[in-house]
Amino acid sequence: MIIVMSPGASEKQVQGVVERLEARGYGHNVSAGVERTIIGAIGANEREKQYVAEQLSQLPGVERVVPILKSFKMVSRDHHPNGTVVKIGEAGFGVGHLGVIAGPCTVESEKQLMDATKAVKTAGATVLRGGAFKPRSSPYDFQGLREEGLELLAQAGKQFEMPTVTEAMEPRQIELVAAVCDGIQIGARNMSNFDLLREAGATGKTIILKRGFAATVEEWLKAAEYIATTGNLNIILCERGIRSFDTVTRFTLDLAGMAAAKLETHLPIIVDPSHSTGTHRLVAPMSLAAVAGGADGLMIEVHPHPDQARCDGPQSLTPKRFSTLMEQIRQLSTLMGTMR
Ligand code: PEP
Ligand code: MN
């Protein structure tokens, strides 16, 4: 970090900062300019860095403290400038691999799930999704089939030879989900549930980390770093829309945030056009925009009969619409040079 002293800072105040740095075991480099003195602190301890910076910023004569190291390291692109491929089962995401996760919002019944799985598999999706534990905004809404939903998902994955992902909402569900699924989804509402992130990461399974709808890109990447600290770098980030002043769509799909995050991290980033827009009418244009913008994959809700869905019907694609979209995605990804 760099400590910038105020223009009129005294020798004693500079010395005060130096002494504080020495006491915390930092090396330092004092550069006295014409107008102000700047002190470079060397040898940051990752765990202490944030609060030491905050403490230093309060010392007399200090104007501001500028952090140099990013607060995420393992997920930073600095370490893998060319990006990494992360897999869910055999499906690749990143560095030329465009993965498509598709399926119903929620597992509702055996027939609904089997019909949906058959449709997404036939159209070319590479991973099957389906919620068993559902994070509903209202406690009165359908909460998912829970364990029974997990079993059905595992059965569908086996029958149609597709890897599966589903959400775990709390640490106690991790073991259950990890036992049957190839990927564990951390939902937007839980992006900052750090115990959950660590528990999920520790399974070694691929983690799909959705961006919290009030989270900055940096907070999202720091959440991914929590997972990485368990030694698990099988992480796929998912942009799913953020809250904005505009209610024309369910959330505001932040494609620029997706592209900006890609500059910062080597991890693959996918886009969820279903939850971000809330309407099936915008799923195709936003899917194509995401792929054109460099997304490494998509997560799309598909229901055999959206008009009968118990959850998120309005944003779900029919099998026919999904199949048409997949054809367009294939053409675009050929143009983009991303193979699947
Ligand atoms: C989901 O994908 O099922 C879901 C609930 O999404 P999000 O966490 O992005 O709202
Ligand atoms: Mn949904």
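The values are calculated or read from the model by the stated rules, or taken from the named source; none is laboratory data. Since the structure is predicted, the reported quantities are computational estimates derived from the model, not experimental observations. Cβ sites come from the backbone with ideal geometry, for glycine too, and all protein chains shown count toward neighbours. Note: accessible area is taken over every heavy atom of the protein model, side chains too, but ligands, DNA and RNA are not part of it. Shrake-Rupley method; radii C 1.70, N 1.55, O 1.52, S 1.80 Å.
Around the amide H of Ile300, modelled in the peptide plane, lie the amide H atoms of Ile101, Ala102, Gly103, all under 5 Å away and 5 or more residues distant in sequence or on another chain.
Shape call for the range 178-321 from the C-alpha gyration tensor, a ≥ b ≥ c root eigenvalues: rounded (a/c under 1.5), prolate (a/b greater than b/c) or oblate? Before the final figure, lay out each step's value.
Working: a/c = 1.83, a/b = 1.41, b/c = 1.30.
Prolate, because a/c is 1.5 or more and a/b exceeds b/c.
What do you reckon, how do Tyr140, Tyr26 stack up by accessible area (1.4 Å probe), largest on top?
Working: Tyr140 205, Tyr26 10 Å².
Result of the area sort, largest leading: Tyr140, Tyr26.
Expressed in nm to one decimal, what extension gain is obtained for the pair Ala179 and Val95 from 0.36 nm per residue of sequence separation less their Cα-Cα distance? Can you show the working numbers first?
Numbers: separation 84, 0.36 × 84 = 30.24 nm, distance 2.84 nm.
Length gained, Ala179 through Val95: 27.4 nm.
In the chain, taking the dipole from charged Cβ atoms about the Cα centre, the farthest positive-side position among Gly231, Ile101, Ser333 is held by Ser333.
Between Ser137 and Glu327, 0.36 nm times their residue separation minus their Cα-Cα distance comes to what?
That pair, Ser137 and Glu327, stretches by 65.0 nm at full extension.
Mean residue ellipticity at 222 nm, helices only, the chain: -11000 deg cm²/dmol; runs of at least 4 DSSP H residues each add -39,500 (n - 2.57), and the sum is divided by the number of residues. Considering only Arg172, Arg47, Arg281, the Gaussian network model of the chain with Cα springs below 10 Å gives its largest mean-square fluctuation to Arg47. Spin-label model, His305 to Thr229: label points 7 Å out along the Cα-to-beta-carbon direction sit 4.9 nm apart.
Under a point-charge model restricted to the Cβ atoms of Lys and Arg (+1) and Asp and Glu (-1), what is the dipole moment magnitude of the chain relative to its Cα centre, in debye to the nearest 20? Working shown, then result.
Details: 36 positive and 37 negative charges, 84 e Å.
Result for the chain is approximately 400 debye, rounded to the nearest 20.
Sequence-ordered 3J(HN,Hα) estimates for the range 313-325 from the Karplus curve with 6.51, -1.76 and 1.60 and θ = phi - 60° stand at x, x, 9, 8, 7, 6, x, 5, 5, 5, 5, 4, 4 Hz, glycine and proline given as x. Once both labels are positioned 7 Å from their Cα atoms along Cα-to-Cβ, the gap between Ser57 and Lys73 label points is 2.2 nm.
For Glu63, the amide hydrogen comes within under 5 Å of the amide hydrogens of Val4, Met5, Ser6, counting only partners 5 or more places away or on other chains and with H modelled in the peptide plane. For the cross-link pairs Lys87/Lys121; Lys70/Lys210; Lys121/Lys222; Lys134/Lys222, the ones whose C-alpha atoms lie over 27 Å apart are Lys121/Lys222. Karplus-derived 3J(HN,Hα) values for the range 290-304, using 6.51 cos²θ - 1.76 cosθ + 1.60 with θ = phi - 60°, are 5, 5, 4, x, x, 4, 8, x, 9, 10, 10, 7, 10, 10, x Hz; glycine and proline are entered as x.
Residue-wise HN-Hα couplings along the range 57-65, as the Karplus relation 6.51 cos²θ - 1.76 cosθ + 1.60 with θ = phi - 60° gives them from phi, are 5, 9, 6, x, x, 8, 8, 7, 10 Hz; Gly and Pro carry x. Between the beta carbons of Arg24 and His80, assuming R0 = 25 Å, the FRET efficiency works out to 0.20 to the nearest 0.05. Of interest is the spacing of the C-alpha centroids, which for the range 86-165 and the range 248-302 amounts to 18 Å.
Of the heavy-atom accessible surface of the range 38-167 (probe 1.4 angstrom), what whole percent is carbon and sulfur? Mind showing how you got there, number by number?
Working: 3230 of 6200 Å².
Carbon and sulfur together cover 52 percent of it.
Taken about its Cα centre, the range 1-100 carries a charge dipole of roughly 180 debye when the Cβ of each Lys and Arg holds +1 and the Cβ of each Asp and Glu holds -1.
Expressed to the nearest 5 percent, the antiparallel share of DSSP beta bridges inside the range 70-217 is 25 percent.
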